[in-house]
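The values are calculated or read from the model by the stated rules, or taken from the named source; none is laboratory data. As the structure is a prediction and not an experimental result, all values here were calculated from the model. Backbone-built Cβ (ideal geometry, glycine too); neighbour counts: all protein chains shown. All accessible areas refer to the heavy atoms of the entire protein, side chains included, with ligands and DNA or RNA removed. Shrake-Rupley method; radii C 1.70, N 1.55, O 1.52, S 1.80 Å.
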Amino acid sequence: MVQPLIRPRAREPLAAEALIASGVHPLLARLWAARGLKQTSDTSWGALIPPTSMSHIEEAAALLADAITRRLRLLIVADYDCDGATACAVAVRGLRDMGATVDFLVPNRFETGYGLSPAVVELALRHPSGRPDLLITVDNGIASVAGVAAANAAGMGVLVTDHHLPGTDLPQALAIVNPNQKGCTFPSKNLAGVGVIFYVLLALRAQLRSRGAYATTPEPRLDRYVDLVALGTVADVVRLDANNRVLVSQGLKRIRQGRMQAGVAALFKISGRDPGCASTADLGFALGPRINAAGRMADMSLGIHCLLEDNLEKALALAQALDAINRERRDREASMRDEALAHLDAVQQAFSASVCVWQPGWHPGVIGLVASRLKETYWRPAIAFAPDADGTLRGSGRSIPDVHLRDVLDLVSKRLPGAILQFGGHAMAAGLTLRASAFDDFSTQFDAAVRTLSGRESFEPMLDTDGSLEAPLVTTEIATMLGQQIWGAGFPPPLFQDSFRVIHQRLLKDRHLKLFLERDGLRIDAIWFNHPEPVAEQIEAVYHLESNTWGGRTTVQLMIEHAQATRPAADLPTPTQMPARAAS
């Protein structure tokens, strides 16, 4: 594992003072100011950017309103990740609320691949609900030039809703709603796929309202589905700008009030999380992976059915199935990661700017997770491949902030014509199909392209901290307050940095290091997950706070992210009884 360079975030005292003056807790004011907030963040519905500035959204709304009036059959074509699943559920629920005849189809990762392809069009034509008149893509479609052409040829119209970066050629759809398409003036470019379709539904409701559809009947309440919008937004790790913070905040508010979809409630229960104090961490690290596992290992329709189910008992059965698939995913990921590390030449990696690896028996649904682990281990762009059909490899890559992964693949495709059959993605993640015979040449050219575009031979991870946390603030109340905030991509959760004396340490399950620490008279429990090696007697630790409830008693503990010795290691002392207060 590459050791990070630890650096404290710059303090912004004037902004912090202004926040304190407006009533913000001094610690939150310090944290928010360091992340660029100069005034209290408005997360009410009134702060949401209106839909009208999004390109082609009015055309999309009119198209859908006409389809509802004419009783056309609509079919949602979803992506097979959590963003796609939540987007699909929001689309189906919202359109049905507005009178549409709608069903869904989600591509199978292992059979038809990503997005609206010609093969998916063939499946749509044979859909059990009947031949659709209009296909609506959610969280995909901006790159589906051939798929949209096939749908048009078959007499089906296509509405594309997506958030991914467009390529040179756009599909010939009836309308394209994507805040990242050229010319779109929508201020926030960070909506997830579920956010885009939510906006389309807002515009559709306004269109139906203008046509008098709700003159005598109540309008559908689309805020009922903001728990799904929050889940998909956090799980897709899009930047939590001011607009996304409104969506996530409103979603968490409904979850904490118990006003969530049955499937979301079931996922909280099966994950052992309390929805009454739901956090972005719950969405990103507990619920999201369980939904994603269905698309990685089996069929994402299972996850979508869970989110569409209104009966809690049935939703719980679906959530249990998702949990079992997620356990299988974790086991497969661990074995593949170990194989990858064993396969890679440590000496060669010391001189490489990237990582490319594949093994014959690898599962294509897990390679993205393996690439992510390799990126973290070596701190450089990594691509893991699995065998695909007809002598090809399917690859999934993850990158670091210094390297735009899609741009790298674009350069390789030009330097090595014919090797890459297709590719797509963005700065931090991308996928591709590669001729298996070209793997060695691709690895060489990929490494060269990383060096060319970054101008660097090696990379060093940075670990930004918020400095010291005063001992009186190490309490369950502070841990709860921090846990209730909206943290995520672009607004990272706080990490503190302090020196501790290690009183005692032991291994849990042969993988995790459990510690008992002391600092300034404060004794506190800590844990360092997936770190089995002992630490020195005196350490400098980077950590975050978390409440821990056990046996009916709630205490605060430190979750260690990184630690290093502050003086040479010595034999660890046994726990001693000395006057010191314990963290509450």
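Numbers at a glance
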quantity: Degrees between helix 405-415 axis and first principal axis of the chain (Cα, 0 to 90, nearest 10); calculated: 70 degrees
quantity: Mean Cα-pair separation over length for region 1-122, i.e. relative contact order, pairs under 8 Å, 6 or more apart, %; calculated: 17 percent
quantity: Length-normalised contact order of the chain in % [C-alpha pairs under 8 Å, at least 6 apart]; calculated: 11 percent
quantity: Modelled label reach - D133, point 7 Å along Cα→Cβ, region 49-84 residues with backbone N closer than 14 Å; calculated: 63-75
quantity: Residue-normalised accessible area of the chain, given per residue in Å² at a 1.4 Å probe; calculated: 43 Å²
quantity: Highest-first arrangement of 118-128, 7-17, where packing means the average Cβ count within 10 Å; calculated: 118-128, 7-17
quantity: Solvent-accessible area, 1.4 Å probe, carbon plus sulfur percent, for the chain; calculated: 52 percent
quantity: Spherically averaged projected area in nm², based on the convex hull that wraps the Cα atoms of region 299-362; calculated: 6.0 nm²
quantity: Contact order normalised by residue count of region 238-303, Cα under 8 Å, 6+ apart, percent; calculated: 24 percent
quantity: Among 47-58, 264-275, the order from most to least packed when residues are scored by Cβ within 10 Å on average; calculated: 264-275, 47-58
quantity: Spatial extent of the chain: Rg and Dmax, with the Cα atoms as the point set, Å; calculated: 25.0, 80
quantity: For region 506-567 versus region 1-65, the gap between their alpha-carbon centres in whole angstrom; calculated: 31 Å
quantity: Span from the region 241-317 Cα centroid across to the region 201-233 one, whole angstrom; calculated: 21 Å
quantity: Equivalent ellipsoid dimensions for region 2-124 as semi-axes, Å, which come from the Cα gyration tensor, largest first; calculated: 44, 23, 11
quantity: By average C-beta atoms within 10 angstrom, highest first, the peptides 464-470, 172-178; calculated: 172-178, 464-470
quantity: C-alpha long axis of helix 312-343 to longest principal axis of the chain, angle in °; calculated: 60 degrees
quantity: Gap separating the Cα centres of region 379-415 and region 340-367, nearest whole Å; calculated: 12 Å
quantity: Share of alpha-carbon pairs per 5 Å distance bin for region 471-545, given as whole %; calculated: 3, 14, 22, 23, 17, 14, 6, 0
